[in-house]
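Student: Questions regarding the structure given below will be posed in turn.
The values are calculated or read from the model by the stated rules, or taken from the named source; none is laboratory data. Keep in mind that this is a model prediction, so the values were computed, not measured. Backbone-built Cβ (ideal geometry, glycine too); neighbour counts: all protein chains shown. Quick note on the areas: whole protein, heavy atoms, side chains included, nothing else; ligands and nucleic acids left out. Shrake-Rupley method; radii C 1.70, N 1.55, O 1.52, S 1.80 Å.
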Amino acid sequence: PSFQVEECGCLGSCGKGPNIAVRSPARDSDKLYPDVFKPSTAAAIVEIEFGVEVPEALVTAQKCVMKAERFLTQDKVQDAADMYEQGAALDQPSASLHLQCEEGLRATRERLGRR
């Protein structure tokens, strides 16, 4: 199956959290999935709507990035570095996500004063 992922503005239910809108030629209207905070939920939507299985390593790596970013907002730099390192160590199919983990790890190590 072929599909495209695009970023968009507010879909009218932003107060319910991140949204995924699925536009399909098979339907007359968009299907809206509100409150999609978890990478595993987004992966399930992709599988249901398009029949494409998202590799578990990709979901896990995205969770690591999200946890690391949350730790950084709490000034828990070592915990953030650990999460980025865990994400970077995964055998994942996404080069951009791996790079995000590597860059996060480098930045947190610099904040900790080590390389």
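Student: Would a scan of region 78-94 turn up a residue that is modelled with pLDDT under 90, surrounded by fewer than 13 Cβ atoms within 10 Å (Cβ to Cβ) and either touching a His at 6+ places or on another chain (Cβ under 8 Å) or not hydroxyl-bearing (S, T, Y) (or both)?
Tutor: Yes: one or more hits.
Student: Regarding region 21-33, can at least one residue be identified that is in contact with a helix residue (DSSP H, G or I) (Cβ under 7 Å, 6 or more places away or on another chain) and open to solvent by 50 Å² or more (accessible area, probe 1.4 Å)?
Tutor: Narrowing region 21-33 to residues in contact with a helix residue (DSSP H, G or I) (Cβ under 7 Å, 6 or more places away or on another chain): 22, 33.
Those still in the list that are open to solvent by 50 Å² or more (accessible area, probe 1.4 Å) too: none.
No, region 21-33 contains no residue that is in contact with a helix residue (DSSP H, G or I) (Cβ under 7 Å, 6 or more places away or on another chain) and open to solvent by 50 Å² or more (accessible area, probe 1.4 Å).
Student: Considering only residues that are within 20 Å of P39 (Cα to Cα) and among the hydroxyl-bearing types (S, T, Y), which ones fall in region 56-115?
Tutor: If the condition is that a residue be within 20 Å of P39 (Cα to Cα) and among the hydroxyl-bearing types (S, T, Y), then T60, T73, Y84, S94, S96 are the ones that fit.
Student: Now, a different point. Taking the criterion of being β-branched (V, I, T) and open to solvent by 90 Å² or more (accessible area, probe 1.4 Å), would at least one residue in region 42-50 satisfy it? Break it down into steps so the answer makes sense when it comes.
Tutor: Here is the first cut: in region 42-50, the residues β-branched (V, I, T) are 45-46, 48.
Then drop every residue that is not open to solvent by 90 Å² or more (accessible area, probe 1.4 Å), which leaves 48.
Yes: one or more hits.
Student: Residues that are in contact (Cβ under 8 Å) with a residue 40 or more places away in the chain and closer than 30 Å to T108 by Cα: which helices (runs of 4 or more DSSP H) entirely in region 1-96 hold 3 or more of them?
Tutor: Values: elements: 39-50, 56-73, 77-89.
Counting at least 3 such residues, we get no helices (runs of 4 or more DSSP H) at all.
Student: If L99 meets every condition in (1) within 20 Å of F3 (Cβ to Cβ); (2) exposed (fewer than 13 other Cβ atoms within 10 Å of the Cβ) apart from one, which number is that one?
Tutor: (1)
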